[in-house]
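Below you'll find the structure, written out as structure tokens, and then a few comments.
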Amino acid sequence: MAANTGKLAGKTIFITGASRGIGKAIALKAARDGANIVIAAKTAQAHPKLPGTIYTAAKEVEDLGGKCLPCIVDVRSEEEVRKAVEDAVQKFGGIDILVNNASAISLTGTLETSMKKYDLMNQINGRGTYLCSHVCVPYLKKSSNPHILNISPPLNMNPKWFKDHVAYTMAKYGMSMCVLGMSEELKGDGIAVNALWPRTAILTAAMEMLGGSDAIAKQCRKPEIMSDAAYVMFIKDSKSYTGNFAIDDEVLKAAGVTDMEQYACVPGNRLLPDFFLDEDPYFCDNRWLKMTLKTLLNEDLVNSTKGVFQFNLSGADQGEWYLDLKNGSGGVGQGPAPGGADCEMTLDSADFSKMFKGELKAVAAFMSGKLKIKGDMALAMKLEKLMGQMNSKL
């Protein structure tokens, strides 16, 4: 995980919706540095199905070494937001970071979305984000490294993200449009305004309640991937890092965190993509290769292929992989092939993913120069058949 550096010690972080889930995970990560955390959320009494209140979250923050001010706040109320901000400034002396995490969701179509639901989503998501930013900015201007972080997605205009839940998309994109506009507006004040969004579904208490804990957990990552990514963003220079629509695992990879399996609720499983991202997380790092190949490896495949492949990848996910279709029931792993390879293939990791998704044929890749082959050429051509078998099971 992204290591704590102590750089948030004494910093005051105002987080909406932080009694549980991603908001609380961000609070706990910062608490380990000794930060001052303002938990601004509605849950003062435990929900019958969702554990956690602002007070239980505050205790967790303090147990980890942070200071905490739990505030009962409905982000739709200007009065409550202003009071919480004023109380925070009085207690801690200012505000350094605002996290707009509070959000409402209803994945319903136009006829199924009542105006009450429409108003709830837009008032919490778009208006709440705008209101909290509006109230906090005067104090953020006084900070040495001020940040606003909205937990919201990139502004993806693909119609598929609108057609089934246009009201929710409008509300969520309202948060993202605050990033687009405020990052430029506040650039001169040195206030960073960024968005952070998860690549995959994140297992929270709400997700467990909606999807069933066992079924949904297998396809989710833990909230800590978001809190680690948020932490990395908080310690960046606010004057130079602003206006970004960041994705959690991309932030962590850029910071040198390479093991994303540590964040999986059930390591090795195929992950459920989050909304608003067109790329399937299954293909966003090469964990998918080992997982998929293992489901295919068997003695029949080994007997029909009789070869060991070595893949040397360049580009975003550079590294070495081997595929043993020669010995026993086969094997797959990272690094050089034990005992050497019969066929060595060198290509960009993006083209490598395309080959295994069926979007790029091995022969076409070789003929166009995207794929370089060393060793048994006939064996390399057998890879085309293997690709077809893989894609039929994906």
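The values are calculated or read from the model by the stated rules, or taken from the named source; none is laboratory data. Computed from a prediction, not measured in an experiment: that's the story for all the values here. Don't worry about glycine lacking a Cβ; one is built from the backbone with ideal geometry, like all the others, and counts go over all protein chains shown. Keep in mind that these areas ignore ligands, DNA and RNA; they rest on the heavy atoms of the full protein, side chains included. Shrake-Rupley method; radii C 1.70, N 1.55, O 1.52, S 1.80 Å.
Per-residue answers, yes or no, for (1) more than 19 Å from the chain's Cα centre (by Cα); (2) within 18 Å of residue 17 (Cβ to Cβ); (3) surrounded by fewer than 20 Cβ atoms within 10 Å (Cβ to Cβ); (4) among the small types (Gly, Ala, Ser):
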site	(1), (2), (3), (4)
137	yes, no, yes, no
142	yes, no, yes, no
150	no, yes, no, no
154	no, no, yes, no
159	yes, no, yes, no
167	yes, no, no, yes
172	no, yes, no, no
175	no, yes, no, no
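Condition check: in contact (Cβ under 8 Å) with a residue 24 or more places away in the chain and within 21 Å of residue 258 (Cα to Cα). Does residue 341 satisfy that?
Criteria not met by residue 341.
Which residue out of 362, 341, 337 is in contact with a strand residue (DSSP E or B) (Cβ under 9 Å, 6 or more places away or on another chain) and modelled with pLDDT under 85?
Numbers: 341 fails: modelled with pLDDT under 85; 337 fails: modelled with pLDDT under 85.
None of the other options fit; the residue is 362.
If we only count helices (runs of 4 or more DSSP H) wholly inside segment 152-248, which ones have 2 or more residues that are over 19 Å from residue 108 (Cα atoms)? Full working, then the answer.
Values: elements: 160-163, 166-185, 205-211, 213-217, 224-234.
Correct list: 166-185, 205-211, 213-217, 224-234.
Could you check residue 46 against (1) farther than 18 Å from residue 148 by Cα; (2) small (Gly, Ala, Ser); (3) not in a loop (DSSP other than H, G, I, E, B) and say which number it fails?
(3)
Could you tell me whether any residue of segment 61-68 is part of a loop (DSSP other than H, G, I, E, B) and open to solvent by 30 Å² or more (accessible area, probe 1.4 Å)?
yes
Got at least one residue in segment 198-218 being open to solvent by 10 Å² or more (accessible area, probe 1.4 Å) and over 29 Å from residue 49 (Cα atoms)?
No, because not a single residue in segment 198-218 is open to solvent by 10 Å² or more (accessible area, probe 1.4 Å) and over 29 Å from residue 49 (Cα atoms).
Do we find that residue 110 is in contact (Cβ under 8 Å) with a residue 40 or more places away in the chain and either surrounded by fewer than 23 Cβ atoms within 10 Å (Cβ to Cβ) or assigned to a loop (DSSP other than H, G, I, E, B) (or both) in this structure? Explain how you work it out, then say what you get.
Values: in contact (Cβ under 8 Å) with a residue 40 or more places away in the chain: yes; either surrounded by fewer than 23 Cβ atoms within 10 Å (Cβ to Cβ) or assigned to a loop (DSSP other than H, G, I, E, B) (or both): yes.
Taking the combined requirement at face value, the residue satisfies it.
Select from segment 313-323 the residues that are touching a residue at least 24 places away in the same chain (Cβ under 8 Å) and touching a Leu at 6+ places or on another chain (Cβ under 8 Å) and list them in ascending order.
Going through segment 313-323, the residues touching a residue at least 24 places away in the same chain (Cβ under 8 Å) turn out to be 313-319, 321, 323.
Hits for segment 313-323 are 313, 314, 319, 321, 323.
Given the criterion touching a Ser or Thr at 6+ places or on another chain (Cβ under 9 Å), part of a loop (DSSP other than H, G, I, E, B) and not assigned by the TED database to the domain that holds residue 258, identify the matching residue among 341, 316, 337. Write out each step before concluding.
Numbers: 341 fails: touching a Ser or Thr at 6+ places or on another chain (Cβ under 9 Å); 337 fails: touching a Ser or Thr at 6+ places or on another chain (Cβ under 9 Å).
Only one candidate passes the filter, namely 316.
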